Amino acid sequence: MFGGSWGSTLALAYAEAHPERVTEIVLRGIFLLRYAEIRWFYQHGASDIFPDFWEAYRDAIPLAERDDFLSAYHKRLTGTDQRAALAAARAWSMWEAACSFLHSNVDNIRKWGEDQFALSVARIECHYFVNRGFLRSESQLIDDVPRIRHIPTTIVQGRYDVVCPATSAWDLHRAWPEADLRMVADAGHSAFEPGNAHELVLATDRYRSR
């Protein structure tokens with residue numbers, strides 16, 4: 001299993017449900033779908049680090065609804081007004097793209113702002129986040145670690161990841177000390193940050209040799 005960010009959530013959920021089908025795991029930018037993680041990025045927290053990019057995300061929602069951005073975005077992304085859905089999708093997706101690199105990547109922001117790409121990303125993410133990933137509890141991915149502790153695993157985490165802060169990777173590692181945690185000193189969230197890419201390639205090459 002190989003997954004980063006939301007993909008790390010899916011990879012963990014799958015591996016814990018079907019450990020007999022998984023031989024190795026490589027995770028990057030750990031996201032455990034906990035309330036604090038969602039609030040940090042979509043309500044308040046990351047906004048203090050990227051206040052300039054936050055404004056576009058914030059201003060897409062009327063003042064009266066800003067006490068719950070997740071619900072406000074979900075209403076627009078799943079509504080019948082296609083123009084409102086597209087505007088919300090672009091604001092949501094470009095906010096994530098703007099925060100994904102240690103140094104903001106203009107080309108990445110532009111790509112994530114493309115209509116169909118933005119709609120796909122925003123609708124999928126928001127749908128699962130509103131429904132808390134359909135997990136039985138927000139601690140499920142940590143609680144079920146004993147089912148996969150025997151599986152060789154590498155966790156790659158950018159030290160300066162703003163989208164999925166390092167505390168989640170650290171919490172996972174504390175529950176799973178057998179996993180090889182690689183904290184990348186000079187990287188943010190993206191798998192394409194040089195330090196993250198280096199560790200991901202090393203991990204996959206190492207497991208391929210098995």
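The values are calculated or read from the model by the stated rules, or taken from the named source; none is laboratory data. Worth saying up front: this structure is predicted, and the values here are computed from it rather than measured. Using ideal geometry, Cβ is built from the backbone for each residue, glycine included, and neighbour counts are taken over all protein chains shown. Areas reflect the complete protein model, heavy atoms only, side chains present, ligands, DNA and RNA absent. Shrake-Rupley method; radii C 1.70, N 1.55, O 1.52, S 1.80 Å.
Given the Cα-Cα distance of Leu63 and Asn131 and 0.36 nm per residue of separation, how much length would full extension add, in nm? Please report the intermediate quantities before stating the final value.
Working: separation 68, 0.36 × 68 = 24.48 nm, distance 2.39 nm.
Full extension from Leu63 to Asn131 adds 22.1 nm.
Quick one: helix 6-17 against the long Cα principal axis of the chain, what's the angle to the nearest 10°, folded into 0 to 90?
Helix 6-17 sits roughly 50 degrees off the main axis of the chain.
Which shape class applies to region 153-210: rounded if a/c is under 1.5, otherwise prolate when a/b exceeds b/c and oblate if not, where a ≥ b ≥ c are the square roots of the Cα gyration tensor eigenvalues?
Numbers: a/c = 2.72, a/b = 1.14, b/c = 2.39.
Because a/c hits 1.5 or more and a/b fails to exceed b/c, region 153-210 counts as oblate.
I need the shape label for region 1-125. Rule: rounded when a/c is under 1.5, else prolate if a/b > b/c, else oblate, with a, b, c from the alpha carbon gyration tensor. Could you put the intermediate results ahead of the total?
Working: a/c = 1.79, a/b = 1.65, b/c = 1.09.
Here region 1-125 falls in the prolate category.
Each label point is 7 Å from the Cα along the Cα-to-Cβ direction; what then is the distance between the points at His150 and Arg210, in nm?
A separation of 1.3 nm, rounded to one decimal place.
Rounded to two decimals, what is Rg over Rh for region 21-75 when you use alpha-carbon atoms and the Kirkwood radius? Don't skip to the end; give the middle numbers.
Details: Rg = 14.9 Å, Rh = 13.1 Å.
Looking at region 21-75, the ratio lands at 1.14.
Rounded to the nearest 10 degrees, what's the angle between the helix 82-99 long axis and the longest principal axis of the chain, both from Cα atoms, 0 to 90?
50
Which of the three applies to region 110-210, rounded, prolate or oblate, going by the alpha-carbon gyration tensor with a ≥ b ≥ c and a/c under 1.5 meaning rounded? Spell out each step's value before the answer.
Working: a/c = 1.87, a/b = 1.19, b/c = 1.57.
Note, shape of region 110-210 comes out oblate.
Pulled fully out, how much extra length does the chain show between Ala197 and Asp143, if you take 0.36 nm times their separation in residues and subtract their Cα-Cα distance? Show your work: numbers first, answer last.
Values: separation 54, 0.36 × 54 = 19.44 nm, distance 2.88 nm.
Between Ala197 and Asp143, full extension yields 16.6 nm more.
Give the carbon-plus-sulfur fraction of the accessible surface of the chain in %, rounded to a whole number; probe 1.4 Å, heavy atoms of protein chains only.
Details: 5690 of 10460 Å².
Heavy-atom surface of the chain belonging to carbon and sulfur, 1.4 Å probe: 54 percent.
Which angle between 0 and 90 degrees, to the nearest 10, do you get for helix 166-175 versus the longest principal axis of the chain when only C-alpha atoms count?
Taking Cα atoms only, the helix is inclined about 30 degrees.
Using alpha carbon centroids, what distance separates region 1-77 and region 134-182, in Å?
Going from one Cα centre to the other spans 15 Å.
Assuming 0.36 nm per residue, please report the length gained on full extension of the stretch His18 to Asp186 beyond their Cα-Cα distance.
On the way: separation 168, 0.36 × 168 = 60.48 nm, distance 3.41 nm.
That pair, His18 and Asp186, stretches by 57.1 nm at full extension.
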